[in-house]
Amino acid sequence: MFSAYTKEFRYNWHLAAPVIMGMLGHTFVGLVDNLMVGQLGAAELAAVSLGNSFFFVAMSLGIGFSTAITPLVAEADSEQNFTRGKSALKHGLVLCSAIAIVLFVMMLLAKPLMHMMDQPEEVVVLALPYLDMIAVSLIPLIIFQALKQFSDGMSLTRYPMYATIIANVINIFFNYVLIFGLWGFPKMGVIGAGIGTLISRFVMVLLMWYFLVQLKKTKAYLKGLKLFVLEHFMIKKIISLGLPSALQMFFEIGVFTAAIWLSGTLGKNAQAANQIALNLSSMTYMIAVGLSVTATIRVGHQKGLKRPDELRRIAKSIFLMGFVLATIFAVIFLVFNQILPTFYLDLNDLEHFSDNQNVVQIASTLLIIAALFQISDSTQVVFLGALRGLQDVKIPTLITFIAYWVIGFPVSYYLGSATLYGSIGIWIGLLAGLTASSVFLYIRFNYLSKKYILKQTKS
């Protein structure tokens, strides 16, 4: 029985691995910022955490919206419908560019909120200029994402990975010289990390466009793109898929962002520890996101070919892969929970020794809870990808809202107070929300896929 699923692992990994590397590249930008800025002290690390919390909310909306492009392109590609595939690319690119500009403006307008959120003042002062830099970087990031989703839909998942890896090398270089002021560059601290991120994301867009123009399979799609000649039908189609997808990601990223803000009310050490545990969890989450994109592509293809039995079998093979990988990461977090946080801070810094030790202690405890939600976090995002391949987005949006904001956040808010469990309570709430999401989304996929099989059998 398992062989029906495991035989798909090789091709699943063939599609997923480049996506995973690309998504890890996005997270790696934050990881580099955290590792380098963490050497400056807990306040600087907390500032990057606070600045990124605003950025991730906006990014989740932009990236979530862009995912509408992948199933449309995948379905058009399986049907060999060039016109529809090109239309999905053009309209997706225009809509993502417009949304990126709107989100950039909203981030700037939201800056005063930092002073109203009961965050440590020294952290806010450091976070504001950092936020300016990464807010600008949101525009090229979302445009890149539109091109990436098109490339994924064409089953060309390697090229976004190449662009992301090169951009990360550039980010590491500029972070290194600008944060610490090396080789004649000014020492800019936290702001230097923001500038490095900004430069790397502009490079990412240019590289992705270059790859698509050069590839035989895609260059025709990019020729003669009349960006200002738009069709109402395709705009409506992308918005109907993209808006719920954006809200799905927003609800999840939003609850993790709320966890950062709640941690900030407990002090800079709790916030820094939360950022370490969150950053490590994000690395493993991106692997699940790669499998989620694979589920969208493969389910979208089978939908276009009208093969419901194969659709269900292939989707389950991806679910099984996600479960196995999540279990491995859970074990790693449990075994190395006291070691992993030490990479983020300079424990030889005598001036901040007490704070750094406290941060490591809190973070190591949070990683135990993070280990427990590896399975639910990974599986829920893969289920979402499969449902997106079926172009089912409205009910999953409602499910994610209920799971994270009706179940998860209230638990985090109540248990996360300083008088109860503090940071641990906040993460127990995250665990509750992710588990609820995973269970409900699987029930939804199981229902729809069986219904699809029955419909095709009758016809």
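The values are calculated or read from the model by the stated rules, or taken from the named source; none is laboratory data. Values in this document were obtained by computation on a predicted structure and should not be read as measured data. Cβ: placed from backbone, ideal geometry, glycine included. Neighbour counts: every protein chain shown. When the accessible area is computed, the model is the full protein with side chains, heavy atoms only, and any ligands, DNA or RNA have been set aside. Shrake-Rupley method; radii C 1.70, N 1.55, O 1.52, S 1.80 Å.
Would you mind telling me which numbered condition in (1) within 23 Å of R444 (Cβ to Cβ); (2) modelled with pLDDT of 85 or more L334 fails? The single condition L334 does not satisfy is (1).
Does at least one position in region 372-381 carry a residue that is in contact with a Pro (Cβ under 8 Å, 6 or more places away or on another chain), more than 23 Å from L420 (Cβ to Cβ), assigned to a helix (DSSP H, G or I) and not charged (D, E, K, R)? No; the residues of region 372-381 include none that is in contact with a Pro (Cβ under 8 Å, 6 or more places away or on another chain), more than 23 Å from L420 (Cβ to Cβ), assigned to a helix (DSSP H, G or I) and not charged (D, E, K, R). If you check Q271, Q275 for being assigned to a helix (DSSP H, G or I) and in contact with a Gly (Cβ under 8 Å, 6 or more places away or on another chain), only one passes: Q271. Of note, V360 does not satisfy the criterion of being assigned to a helix (DSSP H, G or I), open to solvent by less than 10 Å² (accessible area, probe 1.4 Å), of a type outside the set (S, T, Y) and in contact (Cβ under 8 Å) with a residue 24 or more places away in the chain.
Quick grid of which residues meet (1) open to solvent by 40 Å² or more (accessible area, probe 1.4 Å); (2) at pLDDT below 80; (3) within 22 Å of I368 (Cβ to Cβ):
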residue	(1), (2), (3)
G196	no, no, no
G254	no, yes, no
G267	no, yes, yes
Q271	no, yes, yes
L291	no, no, no
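Okay, residues lined up against (1) free of Cβ contacts under 8 Å to residues at least 24 places away in the same chain; (2) open to solvent by less than 10 Å² (accessible area, probe 1.4 Å); (3) within 18 Å of the chain's Cα centre (by Cα):
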position	(1), (2), (3)
M106	no, no, no
E122	no, no, no
L147	no, yes, yes
M154	no, yes, no
I172	no, no, no
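Under 22 Å from the mean Cα position of the chain (by Cα) and modelled with pLDDT under 85: which single residue out of I139, I134 fits that description?
Details: I139 fails: modelled with pLDDT under 85.
None of the other options fit; the residue is I134.
In the set (1) buried (at least 20 other Cβ atoms within 10 Å of the Cβ); (2) over 21 Å from the mean Cα position of the chain (by Cα), the condition left unmet by T457 is number (1).
Mind telling me which of the residues A46, A98, A68 ends up being at pLDDT 80 or above, open to solvent by less than 10 Å² (accessible area, probe 1.4 Å) and of a type in the set (A, V, I, L, M, F, W, C)? Break it down into steps so the answer makes sense when it comes.
Numbers: A46 fails: at pLDDT 80 or above; A98 fails: open to solvent by less than 10 Å² (accessible area, probe 1.4 Å).
Testing whether each residue is at pLDDT 80 or above, open to solvent by less than 10 Å² (accessible area, probe 1.4 Å) and of a type in the set (A, V, I, L, M, F, W, C) leaves just A68.
Kindly check whether there is at least one residue in region 363-374 that is over 20 Å from N337 (Cβ atoms), open to solvent by 10 Å² or more (accessible area, probe 1.4 Å) and touching a residue at least 60 places away in the same chain (Cβ under 8 Å). So that I can check it myself, show each step before the final result.
Just the residues of region 363-374 that are over 20 Å from N337 (Cβ atoms), to begin with: none.
So far as region 363-374 goes, no, none of its residues is over 20 Å from N337 (Cβ atoms), open to solvent by 10 Å² or more (accessible area, probe 1.4 Å) and touching a residue at least 60 places away in the same chain (Cβ under 8 Å).
Identify, please: which residue in region 375-396 is open to solvent by 50 Å² or more (accessible area, probe 1.4 Å) and β-branched (V, I, T) and is, among those, farthest from L72 (Cα to Cα)? Steps first, answer last, please.
Applying the first criterion (open to solvent by 50 Å² or more (accessible area, probe 1.4 Å)) to region 375-396 yields 375, 394-395.
Next, only the ones that are β-branched (V, I, T) stay: 375, 395.
Numbers: I375: 29, I395: 19 Å.
Across region 375-396, the extreme among qualifying residues is I375.
Among the listed residues I235, I239, I287, which satisfies the condition of being open to solvent by less than 40 Å² (accessible area, probe 1.4 Å) and either in contact (Cβ under 8 Å) with a residue 24 or more places away in the chain or part of a helix (DSSP H, G or I) (or both)? I'd like the intermediate steps shown before the answer.
Numbers: I235 fails: open to solvent by less than 40 Å² (accessible area, probe 1.4 Å); I239 fails: open to solvent by less than 40 Å² (accessible area, probe 1.4 Å).
Only one candidate passes the filter, namely I287.
One residue is enough: does region 80-97 have a residue meeting the conditions over 30 Å from G194 (Cα atoms) and part of a loop (DSSP other than H, G, I, E, B)? Among the residues of region 80-97, at least one is over 30 Å from G194 (Cα atoms) and part of a loop (DSSP other than H, G, I, E, B), which makes the answer yes.
Across region 397-405, a minimum of one residue is classified as open to solvent by 40 Å² or more (accessible area, probe 1.4 Å) and without any contact (Cβ under 8 Å) to a residue 24 or more places away in the chain.
Do we find a residue being on the phi > 0 side of the Ramachandran plot and among the aromatic types (F, W, Y) anywhere in region 154-174?
Here is the first cut: in region 154-174, the residues on the phi > 0 side of the Ramachandran plot are 155.
Restricting the remaining residues to those that are among the aromatic types (F, W, Y) gives none.
No: zero hits.
Whether any residue in region 317-330 is of a type in the set (A, V, I, L, M, F, W, C), farther than 28 Å from A436 by Cβ and either open to solvent by 20 Å² or more (accessible area, probe 1.4 Å) or in a helix (DSSP H, G or I) (or both) is what I want to check. Among the residues of region 317-330, not one is of a type in the set (A, V, I, L, M, F, W, C), farther than 28 Å from A436 by Cβ and either open to solvent by 20 Å² or more (accessible area, probe 1.4 Å) or in a helix (DSSP H, G or I) (or both), which makes the answer no. Among the numbered conditions (1) open to solvent by 10 Å² or more (accessible area, probe 1.4 Å); (2) under 23 Å from the mean Cα position of the chain (by Cα); (3) modelled with pLDDT of 85 or more, the only one that N81 does not meet is (2).
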